Amino acid sequence: MKQPPIFLTPQQMEEEKQAMKAVAAHPARPATYHIVTYGCQMNAHDSEKLAGMLSGMGMAEAGDRRDADLVIFNTCCVRDNAERRALGNVTWLKELKKDKPNLIIGVCGCMVQQPEMAEKILKQYRFIDLAFGTHNLHQLPSLLYTLLEQNRRLVSVSDQENLIVEDLPVKRLCKHHAYITIMYGCDNFCSYCIVPYVRGRERSRRMDDILREADQLVSSGVQEIMLLGQNVNSYGNGCETFPELLRRLDQMGVPRIRFMTSHPKDLSDELIEVMAGSRHICNHLHLPVQSGNNEILEQMNRRYTREEYLRKVEKLRSAIPGIGLTTDLIVSFPGETEAQFEDTCSLVREVGYDSAFTFIYSPRIGTRAAQMDGRIAPEESTRRITRLIQEVEASTARAHQTLLGATEQVLVEGLSKRDNGMVSGKGTRNITVTFEGTAEDIGKVIPVHITSLAVNTLRGERTER
Ligand code: SAH
Ligand code: SF4
Ligand code: F3S
């Protein structure tokens, strides 16, 4: 049975607001902060909330961590390398702290939410002052206040897995593109995945709260909204469903709408219908398949077959001509045979993805797959992922070829790093397009005629001046 979410009470929120004021007025308050973010868009958006609270406490953002009085690492633990990267960087700050004894170092996010991890981090890394979990993000003001007042190191990791916090201040990274989290947590328990353990139970925000946030963003000039959740397709509380939410947002006139991530098992005909009939939903879908083999999919607890996945792809393609599909793929799941791996390669060819994220399976403590036999040797995994990347690259090249001569509506993100006098941004299919332009184009949607292909990107010319 699904438990209803628990909303942070106005009184608890008021306490945090008071703490914010108290930190802002504190004589020992850090003047500047810097946040280092790892992991997915959820974490990126959490960092925007951290930044919102820190600005609310009177701190200014430092572009470089060396110039900051407070550095926070917002960590990820989805794979072993993500975890190692986060801790490697934290260690580097130990040196900095020798010259700057008042520097405050905090770690938060998914890695910290793992059982006993926060205590372990504080024990092992004596120079870290603050460790808090994913369910404690909103407590940053009161934690900082206690730290400043009592000058002691703090851990706060709650097991309240059903909490929803509304109305936290947000300092957005970008003026024209914005994230909105619509649901938190995950109940799918794919056998390889740590996310359900560190992000808590699946819970959805109220539709009215989401629509209000979207409305404010559109009034502030945002061009594109990305709805976030580990499995947005299962958003909802009874009559509030994901297709209904999309319909409402589409009617509101949000210029461009994207969402991620979609779980194939919950991709309904109704959702495809809403996407097909919408004016503002982008013609792109990220639909992680993980493997092309039915036995592996079953072992992964994905709850769909290769054939069911392909049927959904077919439906999407016939309802929304020109839709671009992207995916996530894992090689070397425990016991994966050569033939099973080949099924993933053939699926990539069959679907014809625009692009894909490819991962080598990484055992995560506490997950079911970590107990399974049949670990694949590292050299073999490297061979498999190299081969799979070749398949994906070939698929990307084929997909991009079909866009030659087409017109893409490009939301310009910035000046091209490599080419002078060029700007780049994403078309509705989420593929990067580069064309001639200036800083004035940033944040605008410009129609661009695609004239040539580069590696993983498209090049073009604007159709109007
Ligand atoms: N909720 C999203 C994905 C979140 S994690 C979804 O289900 O689509 C992002 C990707 O990381 C996953 O799609 C998967 O491909 C990969 N991943 C997750 N756990 C992993 C592990 N233990 N080893 C390797 N890759 C993993
Ligand atoms: Fe992990 Fe599966 Fe949930 Fe995605 S749906 S976050 S892969 S458990
Ligand atoms: Fe990583 Fe947590 Fe996202 S584990 S992928 S930051 S939900």
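The values are calculated or read from the model by the stated rules, or taken from the named source; none is laboratory data. Since this is a predicted model, take the numbers as computed values, not measurements. Note that we place each Cβ from the backbone using ideal geometry, even for glycine, and neighbour counts take in every protein chain shown. For the accessible areas, the whole protein counts, side chains as well, though only heavy atoms, and no ligand, DNA or RNA atoms are used. Shrake-Rupley method; radii C 1.70, N 1.55, O 1.52, S 1.80 Å.
Structure above, values below:
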| quantity | calculated |
| --- | --- |
| Segment 381-390, residues that are open to solvent by 50 Å² or more (accessible area, probe 1.4 Å) and in contact (Cβ under 8 Å) with a residue 12 or more places away in the chain | 382, 387, 389 |
| Number of positions in segment 266-295 that are outside any loop (DSSP other than H, G, I, E, B), closer than 15 Å to residue 327 by Cβ and within 16 Å of ligand 2 (Cβ to nearest atom) | 3 |
| Strands (runs of 3 or more DSSP E) enclosed by segment 365-449 - at least 2 residues per element that are in contact with a Leu (Cβ under 8 Å, 6 or more places away or on another chain) | 422-426, 432-436 |
| Count of segment 202-214 residues which are open to solvent by 20 Å² or more (accessible area, probe 1.4 Å) and within 14 Å of ligand 3 (Cβ to nearest atom) | 0 |
| Residue 262, sole failed condition from (1) assigned to a loop (DSSP other than H, G, I, E, B); (2) over 18 Å from residue 316 (Cα atoms) | (2) |
| Residue 122 being part of a helix (DSSP H, G or I), within 19 Å of residue 152 (Cα to Cα) and either hydrophobic (A, V, I, L, M, F, W, C) or open to solvent by less than 30 Å² (accessible area, probe 1.4 Å) (or both) | yes |
| Residue within segment 317-340 that is crowded, with 20+ Cβ neighbours inside 10 Å, in contact (Cβ under 8 Å) with a residue 40 or more places away in the chain and assigned to a helix (DSSP H, G or I) present | no |
| Residue count for segment 206-231, restricted to those that are free of Cβ contacts under 8 Å to residues at least 60 places away in the same chain and away from ligand 2 (no atom under 16 Å from the Cβ) | 17 |
| Qualifying residue in segment 75-96 (condition: in contact with a Gly (Cβ under 8 Å, 6 or more places away or on another chain), away from ligand 3 (no atom under 16 Å from the Cβ) and not polar (S, T, N, Q)) | no |
| Top-ranked residue in segment 414-439 [being of a type in the set (D, E, K, R) and at pLDDT 95 or above; ranked as nearest to residue 356 (Cα to Cα)] | 429 |
| Hey, residue 118 within 16 Å of ligand 3 (Cβ to nearest atom) and in contact (Cβ under 8 Å) with a residue 40 or more places away in the chain or not | no |
| Residue match in segment 265-280 (condition: in contact with a Pro (Cβ under 6 Å, 6 or more places away or on another chain) and within 21 Å of residue 368 (Cβ to Cβ)) | no |
| Pairs where the first residue, in segment 34-56, is farther than 20 Å from residue 67 by Cα and more than 13 Å from ligand 3 (Cβ to nearest atom) and the second is of a type in the set (A, V, I, L, M, F, W, C) and open to solvent by 10 Å² or more (accessible area, probe 1.4 Å), C-beta under 8 Å, 6+ apart | 49/137; 49/168; 49/170 |
